[in-house]
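Have a look at the structure below, then the notes.
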């Protein structure tokens, strides 16, 4: 018989200021396992007949629940004070609510629903939804029905599926029913304008409020929120204003929407996810939105799902969740699927984009420079010996991305690029000497000249186009060339352009002194009358940016091995809402030397190989991790297969 069995099994759990008291039984301080649990795991202080457990960084009620469950599993009869008892009863109700919701969600997947598309449409119109200007597609109405059924939901539909409109429609039904008073949207700064535009079009009765400025101004804006308010704020502001958001949730029934929710994917650490988790516990309705919910791995779902169900009903504890993702990911998806909806791209009914590949002959000097880069990489590989692994490592250290730079604009080899952090070439005297003779002002890069030729036809048709390059220095050079040769407005967006609140400073003498933001540049491009160009790198325009209503032509000066960025950049002009007569055309420029392929063709082949799998991950109905990393250079330079093909190319094994 254990020490715990030799005495009464009744204990008392109660709140004591900022701690939880557990007392009334000598077994609590004598039993070895109980001492380890309270003393080591919870960091509790020993008292005469029990323990005083500090709150630390947890909510007091959450700590009390944890202790209550543990003691029940050990066979104790737990007596609770009113506060602890209230926490336990609320948790039991939450568990019952989750069980009811899971049953309703599973029924919905089997086609059993208390709602119909017709009923939802009628409800929306009666609530003031502008159906003339923003009619909802069937998949968007399905998202509304799903949200109403499961209460707290994840919409993981593909980029460009109209998640913003679907969520506003869901909020409209909730508000008309009195479930919520106002909406709080937390998202990237690039999402602010889309939310405002959609709200103005579909729900003119909503009052958008951007939460920005210094702490005092933001506090005043929260105080101004009333039923019908749509508050829009960034992740950083949400983390800073956690207390004000909790107060708002206590004052009004809030629908919390976390847009591009994969941004709070950090499995451990960080400040955004913990802050949003605390706010979500007080929100009346919780919705997360992302077209790419798992950019790296299945673990990316952990923080996002806990915002939807902050009691960890969908995930369980952190470490067991990580183990399950690793060993039984299908079980995680089975558990999550009823609470999420995903519209694949094929359901949007979009016309196929036309891809046009252009072979671009390099100038004599460009070809010499390109061949010198090839020779330098080949020497590195030869010096590594005959073992393939050593050769691949030598190739990676030699920066194979330099071949893409050389094929695009040799000037890039002599610069530290701000977009993809690859240093300038060094220690190659002959190559550096050739670079010194290259003058992009006198003789622009061949691919840039070809882009001007392609764009001349676009401009003649009075249309707009977006020009993509992964290298910021190349964007700068091409912008200058396009302004001089095409005589049209040219707008540029890259990582140096402020994204919004980071450009805001209350100490400025006037708003006119603030630097132009990314949002303003894109808005100016879209609203500009007549032909115009947007020159951008994919990394700066990967989320919440829609160009399709005004621009359906894209020109790629270069591409890297990052397939996700390639497909996401196409989504900027190929998404729901395209005009019926629109023809989306994508021009890909690929350098050749006397009709012989350069590294551009290796990249094209690699992207075609990856595209089928990546499209399924980004655009298909099933969810899966994309496999990106936090290292932009590593993603751009490719995986083992890409390096292997590059090695064969350098050794003359591949054409």
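The values are calculated or read from the model by the stated rules, or taken from the named source; none is laboratory data. It should be emphasised that the depicted structure is a prediction, and the values quoted were computed from it without experimental measurement. A quick note on method: Cβ atoms are made from the backbone with ideal geometry, for glycine too, and the neighbour counts reach across all protein chains shown.
Just a few scattered comments:
- Residue in region 57-64 that is touching a strand residue (DSSP E or B) at 6+ places or on another chain (Cβ under 6 Å) and over 26 Å from residue 277 (Cα atoms) present: no
- If you go through region 306-320 and keep only what is touching a helix residue (DSSP H, G or I) at 6+ places or on another chain (Cβ under 7 Å) and without any contact (Cβ under 8 Å) to a residue 60 or more places away in the chain, you end up with 306, 307, 310, 312, 314, 315, 318.
- Residue in region 616-628 that is out of contact with any helix residue (DSSP H, G or I) (no Cβ under 9 Å at 6 or more places or on another chain) and over 27 Å from residue 403 (Cβ atoms) present: yes
- Check on residue 427, at positive phi and either in a helix (DSSP H, G or I) or at pLDDT below 85 (or both): yes
- Here the helices (runs of 4 or more DSSP H) wholly within region 138-210 that include at least 1 residues being in contact with a helix residue (DSSP H, G or I) (Cβ under 8 Å, 6 or more places away or on another chain) and within 25 Å of residue 241 (Cβ to Cβ) are 163-177, 192-202.
- Residue in region 466-484 that is assigned to a loop (DSSP other than H, G, I, E, B) and either out of contact with any helix residue (DSSP H, G or I) (no Cβ under 9 Å at 6 or more places or on another chain) or over 26 Å from residue 632 (Cβ atoms) (or both) present: no
- Residue check, residue 283 crowded, with 23+ Cβ neighbours inside 10 Å and in contact with a helix residue (DSSP H, G or I) (Cβ under 8 Å, 6 or more places away or on another chain): yes
- Residue match in region 266-278 (condition: closer than 26 Å to residue 198 by Cα, touching a strand residue (DSSP E or B) at 6+ places or on another chain (Cβ under 9 Å) and without any contact (Cβ under 8 Å) to a residue 40 or more places away in the chain): yes
- Of the criteria (1) touching a residue at least 60 places away in the same chain (Cβ under 8 Å); (2) surrounded by 13 or more Cβ atoms within 10 Å (Cβ to Cβ); (3) in contact with a strand residue (DSSP E or B) (Cβ under 6 Å, 6 or more places away or on another chain), which one residue 98 fails: (3)
- Scope region 223-236; condition part of a helix (DSSP H, G or I) and surrounded by 20 or more Cβ atoms within 10 Å (Cβ to Cβ); matching residues: 235
- Of the residues in region 178-185, none is more than 17 Å from residue 128 (Cα to Cα) and out of contact with any strand residue (DSSP E or B) (no Cβ under 6 Å at 6 or more places or on another chain).
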